[in-house]
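Undergrad: I'd like to ask some things about the structure below.
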Ligand SMILES: C[S@@+](CC[C@H](N)C(=O)[O-])C[C@H]1O[C@@H](n2cnc3c(N)ncnc32)[C@H](O)[C@@H]1O
């Protein structure tokens, strides 16, 4: 065998192994989706060692499916099995303590179960996405359904409740001061989704009034419910509105957009609205994906995953309306700078706030 054919067969085998590992990892994610949605992880966390019959009874699900799932989870190293040799229906399983926080604790910054819900949502209109690739059209946000909205909301909720008001905004000294001062400050939150960023800011700053804006009616309904459940309806108001038009008047002391500018077909018009809402003295803050500054195959950020979201959701959704900037998830700092300048801002500063997923931009008037 020549060196060339040896390196070909090694490369082929490595790549084949990589794809087989990817198939297994994909099934892991969708099996986690089942465990999350059926309440199986919650029950495992509450019960300790448990059989398939007990799990099915406690969650009113089918024993045969529960058994298959428990076996898949233990051979995949997500759950532990007490005695592999026991009879299939007497075998007992449990969730390792270290996995509980990641799979069950909705408040933890390590909570990742909703990533599987987000993936299910992103893949929901797969045939529409395929067709869009042929025609060059987009796929509307509504086509992605409830899993995408709920997965997005549950993924970001811990960050907005635990970091936004206690780390991120306090790191911007003048904004922090203004939000604590009198008269009470006003915040506009554009593309607020399920409202957790609005709630996080209102909880952290006891005087502020927050107006959240979103185009998507089911997200607005969800946000209103979340605000009511948080007993903040007196200070947090959610509006259904298109931020391209935004028939709303400022001025607001702070205008924010969390993880949404890259999804928008017309980011320049939305940024123009944000500039108008901030008036002469308000601050405009855009929080979006932390991706590499240039195209590189050696990314130190999460570019490969961000391209995945882009392929199936962010790019098609951003191309659903015309005209479209067709940004995609991998919106680089320079791209946002171009949009901001076109929207009339003087410049864009990157704030020194550390987060593995997000980069923080202050748009300068
Ligand atoms: C990826 S989600 C982010 C939601 C939320 N900010 C978060 O971080 O969880 C993007 C949101 O932008 C909203 N959106 C897209 N275009 C919009 C527009 N023109 N005006 C208002 N909201 C818009 C969508 O409806 C969606 O809720």
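The numbers here are math on the coordinates, done by the rules we state, and not lab data. Since we're looking at a predicted model, the values are computed, not measured. With ideal geometry, Cβ positions are generated from the backbone for all residues, glycine too; neighbour counts draw on all protein chains shown.
Undergrad: Contour minus end-to-end for residue 281 and residue 297, with contour as 0.36 nm per residue of separation and end-to-end as the Cα-Cα distance?
TA: That works out to 1.7 nm of additional length.
Undergrad: Can I ask one more? Take the alpha carbon atoms of the range 4-36, find their center, do the same for the range 140-198, and report the distance between the two centers in whole angstrom.
TA: 36 Å
Undergrad: Using the Kirkwood radius built from alpha carbon pairs, what does the Stokes-Einstein equation give as D for the range 3-104 at 4 °C and 1.567 mPa s, in µm² per second?
TA: The Stokes-Einstein estimate is 87 µm²/s.
Undergrad: Report the full-extension gain for the segment residue 171 to residue 364: residue separation times 0.36 nm, less the Cα-Cα distance, to one decimal in nm.
TA: 67.8 nm
Undergrad: Now for a different question. Test of understanding: what is the full-extension gain from residue 30 to residue 233, defined as 0.36 nm times their sequence separation minus their Cα-Cα distance?
TA: 69.5 nm
Undergrad: For the chain, modelled as a GNM with alpha-carbon contacts under 10 angstrom, which of 271, 119, 164 fluctuates the most?
TA: 164
Undergrad: Rounded to the nearest 5, what % of the DSSP beta bridges within the chain are antiparallel ones?
TA: Around 40 percent antiparallel, to the nearest 5.
Undergrad: Add -39500 (n - 2.57) for each DSSP H run of 4 or more in the chain, then divide by its residues: what number comes out at 222 nm, to the nearest 500 deg cm²/dmol?
TA: -14000 deg cm²/dmol, from helical runs alone.
Undergrad: Using the Kirkwood radius over Cα pairs, work out the Stokes-Einstein diffusion coefficient for the range 119-364 at 4 °C and 1.567 mPa s, in µm²/s as a whole number.
TA: Stokes-Einstein gives a translational diffusion coefficient of 71 µm²/s.
Undergrad: Moving on to the next point. I'd like the orientation of helix 113-123 relative to the chain: the angle between its Cα long axis and the longest Cα principal axis, in ° from 0 to 90, rounded to 10.
TA: 80 degrees
Undergrad: Now a separate question. Quick one: among 273, 329, 51, which has the greatest mean-square fluctuation in a GNM of the chain with alpha-carbon springs under 10 angstrom?
TA: Per the Cα network of the chain with a 10 Å cutoff, 51 tops the list.
Undergrad: Between 232, 169, 14, which gets the highest mean-square fluctuation from a Gaussian network model of the chain, Cα cutoff 10 Å?
TA: Per the Cα network of the chain with a 10 Å cutoff, 14 tops the list.
Undergrad: Hey, quick one: spin label on residue 311, modelled 7 Å out along Cα-Cβ, who in the range 265-296 has an amide N within reach, i.e. under 17 Å?
TA: Label zone hits: 296.
Undergrad: Shifting gears a bit: Please report the Cα spread of the range 122-196 along all three principal axes, rounded to whole Å, starting with the longest.
TA: Here the Cα extents, ordered largest to smallest, are 53, 22, 18 Å.
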